[in-house]
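The values are calculated or read from the model by the stated rules, or taken from the named source; none is laboratory data. Please read all numbers here as calculations on a predicted model, not as lab measurements. A quick note on method: Cβ atoms are made from the backbone with ideal geometry, for glycine too, and the neighbour counts reach across all protein chains shown. All accessible areas refer to the heavy atoms of the entire protein, side chains included, with ligands and DNA or RNA removed. Shrake-Rupley method; radii C 1.70, N 1.55, O 1.52, S 1.80 Å.
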Amino acid sequence: MSLQLQPQVSLKPFNTFGVDVRAQLFAQAHSDADVREALAYATEQGLPLLVIGGGSNLLLTADIPALVLRMATRGIRLLSDDGSQVVVEAEAGETWHPFVQWTLEQGLSGLENLSLIPGTVGAAPMQNIGAYGVEIKDVFAGLTALDRQTGELRDFSLQECDFAYRDSLFKHEAGRWLILRVRFALSRAEHLHLEYGPVRQRLTEQGISHPTASDVSQAICSIRNEKLPDPAVLGNAGSFFKNPLVAAALVAELKTEYPDLVAYPQADGQMKLAAGWLIERAGWKGFREADAGVHRLQALVLVNYGAATGLELLHLAQRIQKDIAERFKVQLEMEPNQY
Ligand code: FAD
Ligand code: NAP
């Protein structure tokens, strides 16, 4: 057996909230063989198997009575290159941001707006990670997953993943598909997305009028570093709630009371509200109770000042949800995966 199984391991270093719960068993997978061995062992022992990556989208509310398998597989390869379009494949355990940087160093564009998102390549399809107007579905070329029910490998095309806003088939069929490697269609020509939020303004401030993909990446890193707490310093899981999609009629009604309400029209006629705006307007920004709080610069981010438990963070989130529902008739949905 090459898999190293460790009993009763604290998951504090393995989730960015820094919540201190224990895994009944813990192991790291460095190869497909390790993954299969872990799956076989868990099945044999009648233990659930919980797969994690960087732990940056988890809310752990109790000890985990499972074998927790952290994906640590490595490898990046070019699968095809026709001189303009390039397909790159990365193993699930590759850390996302260094992978993005690697693609930029190869002169490949497509992932620059997704710079500095924590976590692993393998978890990225789970919620179709997105930032600054780009989601991985925009550059997705396929993935290979292990069907935990049958032990068979399956390749998924873009259409088969059912990607949507912070959503995918893999979220709906949680626990069935273990993502082993992901493929991206990147470009040697640069088709940059600069129209979102403060990206172009930041480039202009830096005196850059004809940016490269690397310039965009650096601008986004600088914006993110200013606004978002670094999990290594202050525990958090990024945005705690999804931006709610609501009917245009509700937005019109809310605008009579809140003329500065932030809402973005969607292709299907719905409107996307900025959850951070709702939470800030309701007065929660900077709120703190014991060690659980709402970040003082970004109301969408719940933070752990040190010793908050997952349940304390969850209770704070539920209070916020109740308040937002009462004030704005909008139900906020949690983004992190709760265990
Ligand atoms: P984990 O948290 O370890 O796991 C998340 C879920 O995926 C769990 O349900 C887990 O079981 C499952 N999973 C993990 N790996 C696999 C696998 N190989 N196969 C099957 N299932 C798997 N998200 C965005 O979309 N956009 C952002 O801009 C963004 N910014 C963030 C900023 C900060 C500071 C933080 C802390 C988080 C941010 N996030 C953002 C959320 C998070 O980084 C992403 O969701 C990321 O993809 C999670 O990756 P992970 O490896 O940490 O996954
Ligand atoms: P921001 O730029 O202050 O914008 C606030 C909200 O308005 C965002 O949630 C964003 O929605 C929406 N928005 C802004 N400009 C938009 C436009 N032109 N069209 C449509 N929607 C627009 O947000 P921020 O908190 O600093 O985050 C910046 C980006 O990083 C966002 O894309 C955000 O999703 C992403 N991010 C995600 C996480 C996470 O954990 N999921 C954490 C940090 C940052 P969208 O969120 O739908 O883009």
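Things worth noting here:
- Solvent-accessible area per residue for the stretch 168-296 (1.4 angstrom probe, square angstrom): 51
- Percent accessible area from carbon and sulfur atoms, the chain, protein chains only, probe 1.4 Å: 50
- Rolling a 1.4 Å probe across the protein heavy atoms gives the stretch 30-159 an accessible surface of 39 Å² per residue.
- Full-extension gain in nm, GLU326 to ASP260, via 0.36 nm per residue minus C-alpha separation: 21.9 nm
- Charges were assigned to the Cβ only: +1 to each Lys and Arg, -1 to each Asp and Glu. The resulting dipole of the chain about its Cα centre is roughly 620 debye.
- Highest average first, the peptides 12-22, 254-264 ordered by how many other beta carbon atoms sit within 10 Å of their residues are 12-22, 254-264.
- Computed from backbone phi with θ = phi - 60° and the Karplus coefficients 6.51, -1.76 and 1.60, the 3J(HN,Hα) list for the stretch 332-337 is 7, 10, 5, 8, x, 8 Hz; x is used for glycine and proline.
- Linear extension gain, GLU160 paired with ASP82, 0.36 nm per residue minus alpha-carbon span: 25.6 nm
- Number of Lys pairs (Cα under 19 Å; 8 or more positions apart or on different chains) in the stretch 173-320: 5
- Residue-by-residue Karplus 3J(HN,Hα) for the stretch 180-187, coefficients 6.51, -1.76, 1.60, Hz, glycine and proline x: 9, 7, 10, 10, 10, 9, 10, 10
- Residue of GLU112, GLU135, GLU195 that the Gaussian network model of the chain assigns the largest fluctuation, springs spanning Cα pairs under 10 Å: GLU195
- Residues in the stretch 161-202 that a label on GLN106 would reach, taking backbone N under 18 Å of a point 7 Å out along Cα→Cβ: 180-191
- Plainly put, the stretch 262-318 has a radius of gyration that is 1.11 times its Kirkwood radius, both from alpha-carbon atoms, as the Rg/Rh ratio.
- Size of charge dipole - the stretch 184-324 - debye, nearest 20, with Cβ of Lys, Arg +1 and Asp, Glu -1, no other charges: 60
- Which of LEU203, SER10, GLN85, positive extreme of dipole for the chain (C-beta unit charges): SER10
- The spacing between the stretch 305-335 and the stretch 251-297, judged by their C-alpha centroids, is 13 Å.
- Lys/Arg +1, Asp/Glu -1 at C-beta; the chain dipole; positive extreme among VAL233, ALA308, GLY55: ALA308
- Efficiency of FRET between GLU173 and GLU289 - r from beta-carbon atoms, R0 45 angstrom, step 0.05: 0.80
- Residues whose amide H lies under 5 Å from that of GLN338, counting only those 5 or more places away or on a different chain, are LEU59; hydrogens are built 1.01 Å from N in the peptide plane.
- Environment charge at ARG166 (Cβ cut-off 10 Å; Lys +1, Arg +1, Asp -1, Glu -1): -2
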